[in-house]
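The block underneath contains the structure these notes are about, expressed in structure tokens.
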Amino acid sequence: GTLAGILAGNIIPIDSTGIDFAMTALFVVICVDQWKAAKTHIPAVTGFICGALFLVLIRSSNFILPALAAAVAMLLFLRRTVEQKMEED
């Protein structure tokens, strides 16, 4: 399968213009859907805050890994609160 994909990718010209916008739009749609379906928004807000904070602190494309590590640490710290909110209703 991989070999066939490599060969087909070399033979078939693919114009990837606009894929960055499409992927961003897909991400936004998935986030909005998850936001509407979630019982608690603590994980989403935590991820957003950690991402924004490390983007401001590091100011490069290398902010993602520290932001993810901080979000995981915060969510582990808030685990009981998130679980309680998920069990409500």
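Taking the 1.4 Å solvent-accessible surface of the chain as the whole, the part contributed by carbon and sulfur is 69%. Calculated accessible area for the chain comes out at 85 Å² per residue, all protein chains present (probe 1.4 Å; ligands, DNA, RNA ignored).
Net length available on complete extension from residue 20 to residue 83 is 19.2 nm, with 0.36 nm assigned per residue and the Cα-Cα distance removed. The candidates 78, 53, arranged from most to least accessible area with a 1.4 Å probe in the full protein assembly, appear as 53, 78. Mean separation of Cα pairs under 8 Å and 6 or more residues apart, divided by the residue count, gives the chain a relative contact order of 25 percent. Look at the Cα gyration tensor of the range 5-89: its axes a ≥ b ≥ c give a/c of at least 1.5 with a/b over b/c, and that counts as prolate. For the range 2-41, the square roots of the Cα gyration tensor eigenvalues, ordered a ≥ b ≥ c, give a/c of at least 1.5 with a/b no greater than b/c, which places it in the oblate category.
The values are calculated or read from the model by the stated rules, or taken from the named source; none is laboratory data. On a predicted model such as this, the values are computed, not experimentally measured, just so you know. We work out accessible area using only protein heavy atoms, side chains counted, and drop any ligands, DNA or RNA first. Shrake-Rupley method; radii C 1.70, N 1.55, O 1.52, S 1.80 Å.
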